[in-house]
């Protein structure tokens, strides 16, 4: 049962097997939670948004026609749910999400995170969490979820060019930090 | 120069660099120590990000989500039940009124032909008379029974909904 594809599970849920939706929850809860934590910067909000996202996905599963991958469709719901929570709370983060020209403020946290980290990976993961939400989200989707920039641009409602610019900016900002602390590895 | 090397390395990491670009990058790396340092730093970032792991969703996420789905489904179906009861109620009243009006036959003495200046007041009087006839006849029993029955059913449903809502609040 666990080897079923997303589409097979969705068809089963559409036929009325509500319990099969749990397979999708098991499959995507970790990835969606990682996204939400980076977007909302708050564990409790992320947990609430995670449940809301799955509930919305279940309620609108009839409208999923399989034109895109389920993950793309579902992450779009997750992203919109996070935006709704952010705009409801009128957080500063909301302002940060308006434009791709937003300022990186990661330098502010650099010394603190660098001091706390005992290896380069831990340090860079900490810095990814300090990237502006959409930039961090792009990193998560691209590196952890192995999504293409095309899929990422669909989820975030961006043009492909903007998604690429944001990925490059994030990568370059992290690279600058690596050089600053002289952490670069020898090429193999 | 720095911007150029950054652009070339980013394209290289995205597998978007054409052969001419690869040659250009190679030349830059051979001639310039800083460019090589840039590439090493990018590679370090790339290597770290590829090893990034997912956060685990909080324990019990799946049962909680499934519980919310089941609850939402139940709420939706009781909504339909509520709508059905209300529709039944409205249809019942409309049908009762229709039957009552259809069965109404004014007697000769009830017709007051007036074509004079006070026709307006007679018109109002006639309409009032129709209504009083409807509610004073045998049909009032039918209407009364139907309305009472529907009020009892609706009252019971509202009471049940309220009780369920209170139980749900307590269980939170």
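Mind listing whichever residues of the stretch A:119-155 are within 9 Å of chain B (Cβ to nearest Cβ), under 19 Å from residue A:80 (Cα atoms) and in a helix (DSSP H, G or I)?
Result: A:139, A:140, A:142, A:149.
Given the options B:73, B:109, name the one that is at negative phi, at pLDDT below 90 and within 14 Å of chain A (Cβ to nearest Cβ). Give the derivation first.
Working: B:109 fails: within 14 Å of chain A (Cβ to nearest Cβ).
On inspection, the qualifying residue turns out to be B:73.
Check whether at least one residue in the stretch B:56-67 is assigned to a loop (DSSP other than H, G, I, E, B), facing chain A (nearest Cβ under 8 Å) and either in contact with a strand residue (DSSP E or B) (Cβ under 6 Å, 6 or more places away or on another chain) or surrounded by 12 or more Cβ atoms within 10 Å (Cβ to Cβ) (or both), and report yes or no.
Yes: the stretch B:56-67 contains one or more residues that are assigned to a loop (DSSP other than H, G, I, E, B), facing chain A (nearest Cβ under 8 Å) and either in contact with a strand residue (DSSP E or B) (Cβ under 6 Å, 6 or more places away or on another chain) or surrounded by 12 or more Cβ atoms within 10 Å (Cβ to Cβ) (or both).
Give me a count of the residues in the stretch B:23-55 that are free of Cβ contacts under 8 Å to residues at least 12 places away in the same chain, part of a helix (DSSP H, G or I) and touching a helix residue (DSSP H, G or I) at 6+ places or on another chain (Cβ under 7 Å).
The qualifying residues number 9.
With the condition kept exactly as written, say whether any residue in the stretch A:97-107 is modelled with pLDDT under 90, out of contact with any strand residue (DSSP E or B) (no Cβ under 6 Å at 6 or more places or on another chain), farther than 16 Å from residue A:38 by Cβ and part of a helix (DSSP H, G or I).
Taking every residue of the stretch A:97-107 in turn, at least one turns out to be modelled with pLDDT under 90, out of contact with any strand residue (DSSP E or B) (no Cβ under 6 Å at 6 or more places or on another chain), farther than 16 Å from residue A:38 by Cβ and part of a helix (DSSP H, G or I).
With A:46, A:19, A:32 as the choices, which residue is over 12 Å from residue B:55 (Cα atoms) and assigned by TED's automatic domain parsing to the domain that holds residue A:88? Spell out how you get there, then give the answer.
On the way: A:46 fails: over 12 Å from residue B:55 (Cα atoms); A:32 fails: over 12 Å from residue B:55 (Cα atoms).
Answer to the selection: A:19.
The values are calculated or read from the model by the stated rules, or taken from the named source; none is laboratory data. Please read all numbers here as calculations on a predicted model, not as lab measurements. Heads up, the Cβs are rebuilt from the backbone with ideal geometry, glycines too, and the neighbour counts pull from every protein chain shown.
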